[in-house]
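Peer 1: After the structure tokens below, expect a handful of questions from me.
What follows draws every value from the coordinates through simple rules; no lab data is involved. Here the structure is a predicted model, which means the values were calculated and not measured. When we count neighbours, we look across all protein chains shown, and the Cβ atoms used for this are built from the backbone with ideal geometry, even at glycine.
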Amino acid sequence: MKRFVLAITGASGSPFGIRVLEELSKTAEVHLVISSNSFSIIRDETGLDWAEDTENTVRKHCGSDRIFFYADRHMEAPIASGSFRTDGMMVVPCSMKTLSGIAAGYAANLIERAADVTMKERRSLLLSPREMPFSAIHLENMLKLARIGVTIAPPVPAFYHKPAGLEEMVDFIAGKILDTFGVEHTLFKRWGS
Ligand SMILES: Cc1cc2nc3c(=O)[nH]c(=O)nc-3n(C[C@H](O)[C@H](O)[C@H](O)COP(=O)(O)O)c2cc1C
């Protein structure tokens, strides 16, 4: 079974991270970090209160016991070490603060450290940065990471699949993210199919 790290940070767009989590946990082991800043945003954007008893609450929500949750201050977690093998890491959505911490190799919390480990071990790392508009600092951080092989996948919607509403737009973004890691899904109808 594949094993992924998924981080949800305090950018707007928590439904994208949650959709990835729901889908990923159907077939893979997911090591989940939710930044302390993002619990209130998740609540505001989705109505889900995951701040207490997070692992059990999230497992129940997804109907999966393959989810392992760590607080962002938990630097002793398995995913903080390169010796713990994973098939890659996704940060969805990724705030500009976490983006800059990853680009600088700062590793100040578990999300930045796990991303640092993913890069040093040359595993797949995907960031879904959400801000509008981007400043030159944001773009420079993204370019720096893209040049070393990090996938920069902002949650930009498409219309060619004719989404019926917001839910199908979110599914499209989540599906595109899962495609990057070769995870099977039926979240959207493929062009030409
Ligand atoms: C309602 C709300 C929405 C936010 N949206 C964004 C966003 O879209 N992008 C971003 O970079 N920061 C956004 N922020 C700011 C981040 O939450 C803030 O920079 C925080 O320190 C990020 O920390 P984290 O990356 O550890 O979660 C938002 C904050 C709030 C309260």
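Peer 1: For segment 146-184, which chymotrypsin sites (Phe, Trp or Tyr not before Pro) are both in a DSSP coil and crowded by at most 16 other Cβ atoms within 10 Å?
Peer 2: Loop-located and lightly packed - 159, 160.
Peer 1: Taking 7 Å along the Cα-to-C-beta vector as the label spot, tell me the residue 43-residue 137 distance in nanometres, rounded to one decimal.
Peer 2: Simple spin-label model gives 2.9 nm for this pair.
Peer 1: I need the phi-derived Karplus couplings for segment 132-146: 6.51 cos²θ - 1.76 cosθ + 1.60, θ = phi - 60°, integer Hz, Gly and Pro marked x.
Peer 2: Each residue's phi maps through the Karplus curve to give 7, x, 8, 8, 4, 5, 4, 5, 5, 4, 5, 5, 4, 6, 4 Hz.
Peer 1: With a cap of 15 neighbouring Cβ atoms within 10 Å, and only residues DSSP puts in a loop, list the trypsin sites (Lys or Arg not before Pro) found in segment 1-53.
Peer 2: Passing both the DSSP loop test and the Cβ count: 2, 26.
Peer 1: Sequence-distant or interchain residues sharing an amide H contact under 5 Å with residue 32, placed H: which?
Peer 2: Under 5 Å from the amide H of residue 32 lie the amide H atoms of 6, 68, 69, 70, each far enough along the sequence or on another chain.
Peer 1: Pop the C-beta distance of residue 73 and residue 27 into the FRET formula with R0 = 35 Å and round what comes out to the nearest 0.05.
Peer 2: For residue 73 and residue 27, the calculated efficiency is 0.75.
Peer 1: Can you give the calculated 222 nm mean residue ellipticity of the chain, where each DSSP H run of n ≥ 4 adds -39,500 (n - 2.57) and the sum is split over every residue, rounded to the nearest 500 deg cm²/dmol?
Peer 2: It comes out at -11500 deg cm²/dmol, rounded to the nearest 500.
Peer 1: Give, in nm to one decimal, the length gained when the segment between residue 190 and residue 120 is fully stretched (0.36 nm per residue of separation minus the Cα-Cα distance).
Peer 2: 21.8 nm
Peer 1: Given segment 3-180, what count of lysine pairs have C-alpha atoms under 23 Å apart, with each pair 8 or more places apart or on different chains?
Peer 2: Pairs that pass both the separation and distance tests number 7.
Peer 1: Moving to a separate point now. Report the trypsin sites (Lys or Arg not before Pro) located in segment 54-133 that are in a DSSP loop and have at most 14 other Cβ atoms inside 10 Å of their Cβ, or state none.
Peer 2: Sparse-neighbourhood loop trypsin sites (Lys or Arg not before Pro): 73, 85, 122.
Peer 1: Size of the dipole of segment 3-180 about the Cα centre, Lys and Arg at +1 and Asp and Glu at -1 on the beta carbon, nothing else charged, in debye to 20?
Peer 2: Using Cβ point charges on Lys, Arg, Asp and Glu, segment 3-180 gives about 560 debye.
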